[in-house]
Amino acid sequence: MKVHQLQVGNMQNFTYILEDEKTGEAVLVDPSWDLDAVEQLITRNNLKIKYIVNTHHHFDHTIGNEAMTNTTGAKIIQHEASTLKHDIIVKDGDKIRFGESEVVVFHTPGHSKDSICLVGDGKILTGDTLFVGNCGRVDLPDGLGHEKETNFVMQPRTEEAFVELLGG
């Protein structure tokens, strides 16, 4: 499985295309901005987009859904906790198959109740569960306040104490 990563928009988001290199079937993950660049990548690589997968419902990961559905004919996949328009629901442990490739869905609530990660072929896409150089925020609407209160990793401490806690 080949992963195409595009940094899009002014919020430092990533849109991904997961390509099954044997068949050309692909999955488009989190289409938001710069859809012309996404479409150019699809055309240049002669890809057939089978699914559009959203790692969670926030607008900066889903704003391109309708446009990309119109141009590709792909079905939209979201976690069962999502309230946005979608065609297929997934839950923890489900597999999304395209061509001869597949990714496994891991439900990772916290940033939002419908956050998922996709794991396959030694790769992981985290959406906003994990940020580059940081972790996903849990203080947004639909984030899990319970985790902020009870998760030992989220408790206030110095950086030195945090590193020591995690075995650094």
Candidate set from segment 26-52 (those that are charged (D, E, K, R) and surrounded by fewer than 19 Cβ atoms within 10 Å (Cβ to Cβ)); member that is nearest to residue 78 (Cα to Cα) = 48
Name the one entry in 83, 108, 43 that is in contact (Cβ under 8 Å) with a residue 24 or more places away in the chain and among the polar types (S, T, N, Q).
-> 83
Mind counting the residues in segment 103-133 that are crowded, with 17+ Cβ neighbours inside 10 Å, part of a strand (DSSP E or B) and of a type outside the set (A, V, I, L, M, F, W, C)?
-> 2
Can you tell me which residue among 96, 124, 77 is of a type in the set (A, V, I, L, M, F, W, C), under 22 Å from residue 5 (Cα atoms) and at pLDDT below 95?
-> 124
Does segment 84-102 include one or more residues that are within 17 Å of residue 128 (Cβ to Cβ) and part of a loop (DSSP other than H, G, I, E, B)?
-> yes
For residue 9, all conditions in the list (1) over 18 Å from residue 117 (Cα atoms); (2) modelled with pLDDT of 95 or more; (3) touching a Ser or Thr at 6+ places or on another chain (Cβ under 8 Å); (4) not polar (S, T, N, Q) hold save one; what is the number of the exception?
-> (2)
Within segment 28-71, count every residue that is under 11 Å from the mean Cα position of the chain (by Cα) and either β-branched (Val, Ile, Thr) or in a strand (DSSP E or B) (or both).
-> 6
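The values are calculated or read from the model by the stated rules, or taken from the named source; none is laboratory data. None of these values were measured; they are calculated from a predicted model. Cβ sites come from the backbone with ideal geometry, for glycine too, and all protein chains shown count toward neighbours.
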